[in-house]
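Here is the structure we will look at.
Each value in this text was obtained by applying a stated rule to the coordinates, not by laboratory testing. Note that the structure is a prediction, hence the values are computed from the model and not measured. FYI the Cβ positions are ideal-geometry reconstructions off the backbone, even for glycines, and counts take in every protein chain you see.
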Amino acid sequence: MVIELTTAFVMRCPGCGRLEVDQVNLFQLSGSKEITFQCECGTHKATIRMKGSSYVVVEYYCIICDREHSAVFSRKQFWTRNYLNAIYCLDTDLNLGYYGPYELINQELERQQEELNSMANDLGFDEFVNPEIMLEVLDYLDDIAASGRLYCDCGSHNINIELFSDRLELSCNNCYAFKQIPAAKKDDLEAVKKLDEIKVNISTKTKSF
Ligand SMILES: [Zn+2]
Ligand SMILES: [Zn+2]
Ligand SMILES: [Zn+2]
């Protein structure tokens with residue numbers, strides 16, 4: 001019987017925001033080899049290599065700090081079958097991704113999607129001017145937030161999102177900054193899709209986009 005030791009790795013691309021699951025197996029890492037994960041768009045996401053025979057080093061690009069972080073995991077932890085490990089920004093503790101068994105990675109991604117859906121459901125789909133646009137805008141905002149690109153002028157990444165029938169309201173939990181994002185028309189969605197990042201401004205109390 002061949003025991004295949006593989007672990008899945010999921011991290012949003014720092015370049016284009018695409019979420020992809022990559023897999024790595026023990027043999028790819030044997031010897032002094034290292035594995036690099038690259039997004040389809042060509043952006044380098046992470047490098048994984050062994051350190052001695054007992055440790056695995058993961059170097060990953062952090063979108064929040066705009067530089068690479070490096071984390072060391074024990075071999076046992078890295079090839080675990082039982083749980084998911086999170087990959088964090090070492091400065092802000094924001095979650096950048098996960099690695100672990102493929103099934104658990106999938107479950108986590110599904111859970112996140114459900115959370116998003118239930119957030120919209122709580123408000124009642126009927127209450128939205130255009131539920132589909134709202135959901136897509138929300139989905140997109142969630143991507144931006146998950147990769148640390150939703151933040152406030154004051155530096156905080158702790159942003160509260162509230163849903164209304166025709167818009168979302170973002171407010172900083174640290175200061176009084178506030179931003180409205182319209183989400184009723186197709187144009188609204190297109191406008192959001194063009195954003196690489198969303199900054200909540202301290203001075204903008206009125207609708208600005
Ligand atoms: Zn990419
Ligand atoms: Zn960082
Ligand atoms: Zn703030």
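Only Lys, Arg, Asp and Glu carry charge here, each on its Cβ (+1 for the first two, -1 for the last two); on that basis the chain has a dipole of about 860 debye about its Cα centre. Between the listed residues Leu163, Val129, Ile181, the Cα displaced farthest toward the positive end of the dipole of region 124-200, a dipole computed from Cβ unit charges relative to the Cα centre, is found at Ile181.
When the trypsin sites (Lys or Arg not before Pro) in region 1-89 are filtered for DSSP coil states and for at most 11 other beta-carbon atoms within 10 Å of their beta-carbon, the remaining sites are Lys33, Arg81. Here region 6-106 is assigned +1 on the Cβ of each Lys and Arg and -1 on the Cβ of each Asp and Glu. Its dipole about the Cα centre then comes out at about 360 debye.
Only lysine pairs 8 or more places apart, or on different chains, with alpha-carbon atoms under 16 angstrom apart are counted in the chain, and they number 10. Assuming 1.002 mPa s and 20 °C, estimate D for the chain with Stokes-Einstein, Rh taken as the Kirkwood radius over Cα pairs, in µm²/s. Here the translational diffusion coefficient equals 114 µm²/s.
What the phi angles of region 96-108 give under the Karplus curve with 6.51, -1.76 and 1.60, with θ = phi - 60°, is a coupling list of 10, x, 9, 9, x, x, 3, 4, 5, 4, 4, 4, 5 Hz, glycine and proline written as x. Taking 20 °C and 1.002 mPa s as the conditions, I'd like the Stokes-Einstein D for region 6-106 in µm²/s, using the Kirkwood hydrodynamic radius from alpha carbon pairs. The calculation lands on 157 µm²/s.
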